[in-house]
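Each remark here refers to the structure printed beneath this line.
Here, each number is a calculation from the coordinates, and none is a lab measurement. From a predicted model like this one, the values you see are computed outputs, not experimental measurements. Cβ atoms come from the backbone with ideal geometry, glycine included; neighbour counts cover every protein chain shown.
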Amino acid sequence: MKYRRLGNSGLQVSEISLGTWLTFDGTSTDYDKNDAITTIKFAYENGINYFDTANFYGLGNAEKVLGEALAEFDRTSYVIGSKVYFPMGSKPNQRGLSRKHIMDQCDQSLKRLNVDYIDIYQCHRYDPSTPVEETLTAMNDLVAQGKILYYGISEWSSGQIKEGLDTVKQLGLRKMVSNQPIYNMLVRQIEKDIIPASKEGGLGQLVFSPLAQGVLTGAYTSPDKLPENSRLHKTDNDSASLYFKDEIFEAISKLKIIAERERCSLTQLALSWILLEKNVSSVIMGAENTEQVAENIKASDMVWREDLIKEVNGILDQIDFTWPLFD
């Protein structure tokens, strides 16, 4: 496993990391807690040091399981990222990025994770109902209190990123160090303005959905078929309707041929392609078992030749596909 700096910070994170939205959200009927703990421990023992979660995943269940899985390991040896924004109750102050909600949920996340601090605390979305200065001041106060070490954002537009950076400059606050967007071979909008804005501000990308919910594993063969036991069938059919297009399957068939020639899996090709972008600090994978982790971490070792980069990008550049960001 290779490691990269998180933006302009001194924090080192594994190029491949493990997210807990899929690993354990507390709602699955065919995946239990023991499987999740085994998968998390296997990831740690095989070089993954960044684990991504959120208070909203399983309404706290994912944090609890992650904390239990990592409890036996040296706290200084791994990095936990959690998030705040989505509703954790039905009352008006139990959601968003107000100072009240941020402070309360940070304390609750610390209890669920059973740790003294969270390494990276992230604004899970932009909150138009709360002044940015209130949100970022609260994050800075959490750093000063030692409850978090760094803070970041997720799914903010380039304009919102610039607004945040301008705010911390004006108020003399610590800057955010990370952004968490969707990014994969099919969804590339962040290349246009979010990555440039992040580079200028010193933010590293912690990207999610790197395999397009399984589409880039080659598990799906037709835009007309969605297997009942597939990830897309179990989680998000709206995503299926977006990804299941003839031109995408045509591109995937070409990428499969390249992967076979290069003696790697399509999954490894897709994950390692993301790492060609130097502003990416870590690729957050979802994994249901240790076998998937073992396959995915090999992407960190893949070496790309210039002719291979040109060939793959030539295929991807032909895809006319837009993902509805920031909804």
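Annotations for the structure displayed:
- For the chain, the longest principal axis of the C-alpha atoms and the axis of helix 61-70 are separated by about 90°.
- Reachable lysines from LYS245, criterion Cα separation under 26 angstrom, eight or more residues apart if same chain: LYS192, LYS225, LYS234, LYS254, LYS256, LYS310
- Calculated FRET efficiency, ASP317 to ARG174, Cβ-Cβ distance, R0 = 41 Å: about 0.60 to the nearest 0.05.
- Peptides ranked, highest mean first, by Cβ atoms within 10 Å: ranges 7-17, 51-61, 257-267: 51-61, 7-17, 257-267
- Computed extension gain for ALA144 through SER157, at 0.36 nm per residue and net of the alpha carbon distance, reaches 2.0 nm.
- DSSP beta bridge pairing in the chain, given as percent antiparallel to the nearest 5: 10 percent
- Put a plus charge on the Cβ of each Lys and Arg, a minus charge on the Cβ of each Asp and Glu, and nothing anywhere else: the dipole of the chain about its Cα centre is then about 720 debye.
- For the chain, the residue among TRP304, GLN205, ILE118 whose Cα projects farthest onto the positive side of the dipole built from Cβ charges is ILE118.
- Cα gyration tensor shape for the chain, rounded if a/c is under 1.5, else prolate or oblate: prolate
- Long-range amide H partners of TYR151 with built H, under 5 Å: TYR121, VAL177
- Remark: the TYR3-GLU247 segment gains 84.4 nm on full extension, using 0.36 nm per residue and subtracting the alpha carbon distance.
- If R0 is 35 Å, the Cβ-Cβ spacing of LYS199 and SER90 corresponds to a FRET efficiency of close to 0.30.
- Theoretical ellipticity at 222 nm over the chain - DSSP helices of four or more residues, -39500 (n - 2.57) apiece, nearest 500: -12000 deg cm²/dmol
- Within segment 146-214, trypsin sites (Lys or Arg not before Pro) in DSSP loop having at most 11 other beta-carbon neighbours inside 10 Å: LYS192
- Dipole magnitude for segment 25-154: about 400 debye, using +1 per Lys or Arg Cβ and -1 per Asp or Glu Cβ, origin at the Cα centre.
- Cα gyration tensor shape of segment 1-134, rounded if a/c is under 1.5, else prolate or oblate by comparing a/b with b/c: oblate
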